[in-house]
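Heads up, the thing below is written out as C-alpha cells.
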Amino acid sequence: MKTYSYMDMLAAFKINFAHPGGGTLTNKLLEDLTIDSKSRVLDAGCGTGETARIIANTFHCAVDAIDAHSAMAEEAVKRSENNKKVNVQEASVENLPFQSDTFDLVLSESVLAFTDRKAALKELHRVLKKGGCLLINEMSVIHPIEDKEREKIQSFYGASSLFTVNDWINAIRGASFKHIELIEAKETGAYNEEEMDIPIPVNAEAALLDVLDAHMELTDRNRDKIGHAVILCQK
C-alpha cells in the first residue's frame, strides 16, 4: 500500500483551510491589515490558493502565491486561472523566486512549522520591502507536552522541532524583524469544530483516510497543549 504524508493528504483532499480557526480566522486577520489596490502581497505556502484569491478579490491588489507541494500548487494554479491578479508558482519558502524588497505584505498560514524556519524567515525578510509586514499563523506548543508525544507530532507532520510562542518570537527577532506583535495564541481546543475547513471525502483512498484519521487523533489528544500563534512583525 502506498504511504502518504500529511501534506499529501491535504493536497489529495484539496483542503482550503487546515489551520486552527480556518477561513473565519483568516478573514478576521485580513480585516485588520492595511491592504489596498497598490499593495503587493505574497501568500507563502498557499495550498489551494484560497487566501490569495480572497485577498485579490477583496482588495483588488496583485497577489503572488507559492507552494512547494506539486499537487497543491497545481490545484492553486487551476483554481486561480481566471483571476488575473493572482500568480501561482511551485516554489519553496526557503528559496523564493522573487527579487529582494518586492512585497508590502507576506502571509504564512501553517507553513513555517514544516520548513527550515531559519532559512524561511531569512527569505521572507529578504523579499519584503522596508517597512513591509509579515503575518504568520503557525502551529505552536501552548502548554508543556511530554517528550514522547512531542516526538510523535514531529514525526507525523515532518517538523524538525515544535516551537513555543516564545520560540517563534525569538526566531522572528533573530531574522531581523522588528515591531513584533503577538496577536493571539490559543489551544486547538479553543476553536469549535465547525470553524475548521477539513471535509472528510466520500470514497477516498483508504491510505489517505488513515492519514486524516491520524491527524484528527493527534489533534484531539493534544487539543489543550498544541495550538497556534498569530504574530505580526515588520521589516
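The values are calculated or read from the model by the stated rules, or taken from the named source; none is laboratory data. Treat the numbers as computed from the prediction; the structure is a model and nothing was measured. All Cβ positions, even for glycine, are placed from backbone atoms using ideal geometry, and neighbour counts span all protein chains on display. Please note that ligands, DNA and RNA were not included when accessible areas were found on the heavy atoms of the full protein model with its side chains. Shrake-Rupley method; radii C 1.70, N 1.55, O 1.52, S 1.80 Å.
Okay, here's what the table says:
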quantity: Fully extended contour minus Cα-Cα distance, from T219 to Q234, at 0.36 nm per residue; calculated: 2.3 nm
quantity: Residue-averaged [θ]222 nm for the chain, counting only DSSP H segments that reach four residues, each worth -39500 (n - 2.57); calculated: -11000 deg cm²/dmol
quantity: Accessible-area ranking of K235, K178, largest first, probe 1.4 Å; calculated: K178, K235
quantity: Accessible area (Å², per residue) of the chain, counting only protein heavy atoms and a probe of 1.4 Å; calculated: 49
quantity: FRET efficiency estimate (nearest 0.05) - Cβ-Cβ, E74 to L182, R0 30 angstrom; calculated: 0.30
quantity: At least 18 Å along the helix axis (C-alpha) and Kyte average at least 0.0, DSSP helices within the chain; calculated: 206-221
quantity: Inverse of mean 1/r across different Cα pairs in the chain, Kirkwood, Å; calculated: 17.9
quantity: Share of carbon and sulfur in the accessible heavy-atom surface of the chain [1.4 Å probe, %]; calculated: 47
quantity: Computed lengthening from N82 to K28, 0.36 nm per intervening residue step minus Cα-Cα distance; calculated: 16.9 nm
